[in-house]
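I have placed the structure first, in the form of structure tokens, so that the comments after it can refer back to it.
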Amino acid sequence: MKFKANISLKLAGFLLAICIPPFLLYQILTFSIVRDTMVEMASKNSMNLLIDQEVYLSQQLDHIEDLLRNISAIEEIKQAIRRADAEASGTPLRSAQSDLISTIDQISTQTRISTILSGYSSLNGLVSLDIFSAGGQHYHVGDTLSSRYVNTTQLNQLIRESRQAGSNIYWHGIRSNINNSSDQHQVIVASKTLWDTRQTMDTGTPRRLGTLLVNYEPTALYRHLDRLEMGRGSRLLVVDRARRLLYHPDATLIGQPVAPSLGQLLTGETGSLTVDLAGQPTLLNYRRLPAQNWYIISTVPRDELLAPLRHITQTGTALLAGILVLLVWPSRLFDRRIIQPIRALSDGFRDFQAKRLAPDWRMPPMKSLSEISELTGWFNTFLDSMENQRQAEADLRVAATAFEAQEGMVITDTDTRIVRVNYAFSNISGYSAREVLGKPIRMLKSGQHDAAFYQSMWQSIQDNDNWHGEVWNQRRNGEIYPCWLTITVVRDPQGTITNYVGTIIDITQRKQAEEEIERAGLL
């Protein structure tokens, strides 16, 4: 059983080694390439989307900035602010030092400024336009607003931030509406400080006339961005300079600050990276709007992005299971066609060595490879040869026993040179085996027979493969004695003569007895 287990395990290991690693390598490489390609394509698509939305936002924000620039460039508004502030402070103007602005003039000034502002109020998403003069005057277009509803703390902060921007437009981002009575509790605020350019030319020191505020509706962004098809699991975010949400798919989160871990990642003009957000690996892409210092962000959880890869993994697993199942068939075939025949041969050799095989048993033919079938045939041939050898050994033992019988025996080669004699031959002839080996058989001749006798004897041997008759031979001591000689031819399987075997029986006593009987009969 150990032999079987080893072969089977080696086969299984071999098949696994040539099938599984390449397949797994292919699966891993395919998964890696597809994953990287999907991430790269998702990143490119997200970046293209961000670029498109950057263009859209830039256009919308440019409209607002154009509005601020156009209004701040109207000299009539600045003059009206100067007159109103001068009247409020009791200081006469240089251009009209002798006249005081009447109450009717103040109403007229406010109406004029409001009329000018109203001409710019048609911008989509615009909530209100406000001018707060340095002297405390307020000019408003949009939501109904009374001075008692103005959040002065919020207003003062906006004015300070706007002044720090100098003559540039400043985007405050999303803030609480300074109009506490407005339905729009949160607005996107942009501002521009109005400077008295005339005062600058006269004294060289600019004087702030007031601050122009634009309040923009966040839901205008929401309505546009929420229509975008972001793909499975993807989200688009827009944050202001303070990292507060200007847009989020969940409208209730607009105005809330983003997680600090996300806000710290927003550096530079653009970026694409994989980060851990809320404990989940996420593909993050972002672009910066430099004028506003806003960021447009796209986030895609990697698990959602790579969800289609689960099908590849499942398919690969199914194919791997199929390969393992398919490996069973060649394993069983290998066992039946190779292992079992080899095991049978091994068992046959062990049984032969243990002498447990019957003499006539031969291994039956099996369905196997031609080489193993040939090996089975050679095994049976080996058994045949061993059986023949065993039979030959038995015959040799019988022959050896017979060779050492009472009859003298001599074996010669085809040249009639002696190659072997038995003990009885030495007793009869008086020659030891050492003395006669290699010598011609004619050394035993007595000279009692003529050539015709030997010619007739050899003719009979050639015709019949044997001869027998009475022959007079000579012993080593010179004594001539009668013997009964039988000569038999030995041939190989091809019929070629290899040896001559002679059997010698000393008949001296028989001859003497016959002579005595013959003499007695004569008497």
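The values are calculated or read from the model by the stated rules, or taken from the named source; none is laboratory data. Since this is a predicted model, take the numbers as computed values, not measurements. For neighbour counting, all protein chains shown are included, and Cβ atoms are generated from backbone atoms with ideal geometry for every residue, glycine included.
Some points to look at:
- Residue list for the stretch 493-523, filter: surrounded by 15 or more Cβ atoms within 10 Å (Cβ to Cβ) and either assigned to a strand (DSSP E or B) or not assigned by the TED database to the domain that holds Thr414 (or both): Asn499, Tyr500, Val501, Gly502, Thr503, Ile504, Ile505, Asp506
- Residue in the stretch 364-374 that is surrounded by 15 or more Cβ atoms within 10 Å (Cβ to Cβ) and either modelled with pLDDT of 75 or more or within 16 Å of Thr486 (Cβ to Cβ) (or both) present: no
- Taking each residue of the stretch 503-523 that is within 24 Å of Met409 (Cα to Cα) and looking for partners that are among the aromatic types (Phe, Trp, Tyr) and part of a helix (DSSP H, G or I) with beta-carbon atoms closer than 7 Å, six or more apart or interchain, yields Ile504/Phe425.
- Residue tally, condition of a type in the set (Phe, Trp, Tyr) and in contact (Cβ under 8 Å) with a residue 24 or more places away in the chain, over the stretch 449-490: 2
- Flag for Asp240 being of a type outside the set (A, V, I, L, M), buried (at least 17 other Cβ atoms within 10 Å of the Cβ), farther than 25 Å from His63 by Cβ and assigned by the TED database to the domain that holds Gln79: no
Rundown of residues vs (1) modelled with pLDDT of 90 or more; (2) surrounded by 15 or more Cβ atoms within 10 Å (Cβ to Cβ); (3) closer than 20 Å to Ala134 by Cβ, yes/no style:
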{"position": "Val150", "(1), (2), (3)": "no, yes, yes"}
{"position": "Arg175", "(1), (2), (3)": "yes, yes, no"}
{"position": "Ser191", "(1), (2), (3)": "yes, yes, yes"}
{"position": "Gln199", "(1), (2), (3)": "no, yes, yes"}
{"position": "Thr205", "(1), (2), (3)": "no, no, yes"}
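- Being at pLDDT below 90, at negative phi and buried (at least 19 other Cβ atoms within 10 Å of the Cβ) is a property that Leu265 lacks.
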